[in-house]
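Q: Here it is: the structure, laid out below.
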Amino acid sequence: MSDGVGGDAVALAAARALLRVDTRAEAAAVLHAAVRDLGGRVVEADSGGVTALPTDVSLGVGEPCVVQPADPSEATLLRLRRQLPPLLDDAQAAATRCDRYLRQATRARTDALTGLAGRGEIDSRLDQATSDDVVCLMDLDGFKAVNDTRGHAAGDLALRRFGELLRASVRDVDFVGRYGGDEFLLVFAGTPLAIAEQRMGELVQTWATDGPGVGVSIGVAQVDHRGSVAATAAADRALYRAKRAGGGGVRVATPDDYEAPQS
């Protein structure tokens, strides 16, 4: 491979590949492949030896690493010294772009106040629900009064604290999100209905003891052959039966709750 034409072709191919990467790790993989095509090898930064460019080329993925020529020829060393700096710049720019897109995507999926999943992620999880799942909808009791009498900062604090309790009360395989306002949604994965009801009863009691003076009402519904949309609607009707009963309790959806409301 000549230093000019061959090295330029490798750099051009890498630049094109970097336009298509979606993650920082993919950008690092393109960079390291180009290093090999240029006659170099990526080694750990503390491995010693003569390096063609004593600059970290890990892009922040894994341990720091640098580039050594695969053979001791002067041509390989010159090619790496010529081609690697602009190639590294392109890879770093691609990695930064990927990070920016990832942050934007994360913000779109996450509720900014509580850090729980947002509405888009909730809809996606419900689309994947199976008959082993249980949907729980919950609404804070007296939340409007907190905002009206103690201010929105107090209301926001209540939402954050409830979000923290909710997250701490479930397994990694379960799903929690803020449905909107002071409503939250939880999906128990592969959980018997009776266990879900029990867990929600424990949550109600913990929140009543440790919460900021507001209760929580919860509706619970098993996903069945009618799907997650019907189960979510049933949980919503069960929730409002809990609210009408005075709040601070759990109601399990009845067969009637799964039926469409009468017009």
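Q: Can you go through Arg171, Arg167, Arg125, Arg160 and tell me which one is closer than 26 Å to Arg237 by Cα and touching a Phe, Trp or Tyr at 6+ places or on another chain (Cβ under 7 Å)?
A: Among Arg171, Arg167, Arg125, Arg160, only Arg125 is closer than 26 Å to Arg237 by Cα and touching a Phe, Trp or Tyr at 6+ places or on another chain (Cβ under 7 Å).
Q: Do we have Val61 as modelled with pLDDT of 90 or more and in contact with a helix residue (DSSP H, G or I) (Cβ under 6 Å, 6 or more places away or on another chain) here?
A: Yes; evaluated as a whole, the condition is true for this residue.
Q: Determine which member of the set Gly177, Gly155 is open to solvent by less than 70 Å² (accessible area, probe 1.4 Å), small (Gly, Ala, Ser) and not in a helix (DSSP H, G or I).
A: Criteria check complete, one pass: Gly177.
Q: Within the stretch 180-214, which residues are open to solvent by 20 Å² or more (accessible area, probe 1.4 Å) and β-branched (Val, Ile, Thr)?
A: Ile195, Thr206, Thr209, listed by residue number.
Q: If I ask for residues that are open to solvent by less than 40 Å² (accessible area, probe 1.4 Å) and either modelled with pLDDT of 95 or more or of a type in the set (A, V, I, L, M, F, W, C) (or both), which ones from the stretch 253-263 would you list?
A: Residue satisfying the conditions is Ala253 alone.
Q: Would the stretch 120-133 turn up any residue that is at pLDDT 90 or above and either buried (at least 21 other Cβ atoms within 10 Å of the Cβ) or farther than 30 Å from Asp224 by Cβ (or both)?
A: Yes, that holds for at least one residue.
Q: When residues of the stretch 23-44 are filtered for being touching a residue at least 40 places away in the same chain (Cβ under 8 Å) and touching a helix residue (DSSP H, G or I) at 6+ places or on another chain (Cβ under 6 Å), how many remain?
A: 9
Q: Return yes when Arg82 is open to solvent by less than 70 Å² (accessible area, probe 1.4 Å) and among the basic types (Lys, Arg) and no when it is not.
A: no
Q: Give the number of residues within the stretch 222-260 that are among the acidic types (Asp, Glu) and either part of a loop (DSSP other than H, G, I, E, B) or in contact (Cβ under 8 Å) with a residue 60 or more places away in the chain (or both).
A: Looking only at that region, the number is 3.
Q: Please enumerate the residues belonging to the stretch 54-70 that are open to solvent by 30 Å² or more (accessible area, probe 1.4 Å) and closer than 20 Å to Ala9 by Cα.
A: Ala70, the sole residue that qualifies.
Q: What is the number of the single condition among (1) surrounded by 14 or more Cβ atoms within 10 Å (Cβ to Cβ); (2) closer than 16 Å to Asp133 by Cα that Leu165 does not meet?
A: Failing condition for Leu165: (2).
Q: Could you check Thr114 against (1) buried (at least 21 other Cβ atoms within 10 Å of the Cβ); (2) hydroxyl-bearing (Ser, Thr, Tyr); (3) within 25 Å of Arg244 (Cα to Cα) and say which number it fails?
A: Result: Thr114 passes all but (3).
The values are calculated or read from the model by the stated rules, or taken from the named source; none is laboratory data. Computed from a predicted model, the values in this text were never measured in an experiment. Methodologically, a virtual Cβ is constructed for each residue, glycine included, from the backbone with ideal geometry; neighbour enumeration extends over all protein chains shown. Only protein heavy atoms, including side chains, enter the accessible area calculation; ligands, DNA and RNA are left aside. Shrake-Rupley method; radii C 1.70, N 1.55, O 1.52, S 1.80 Å.
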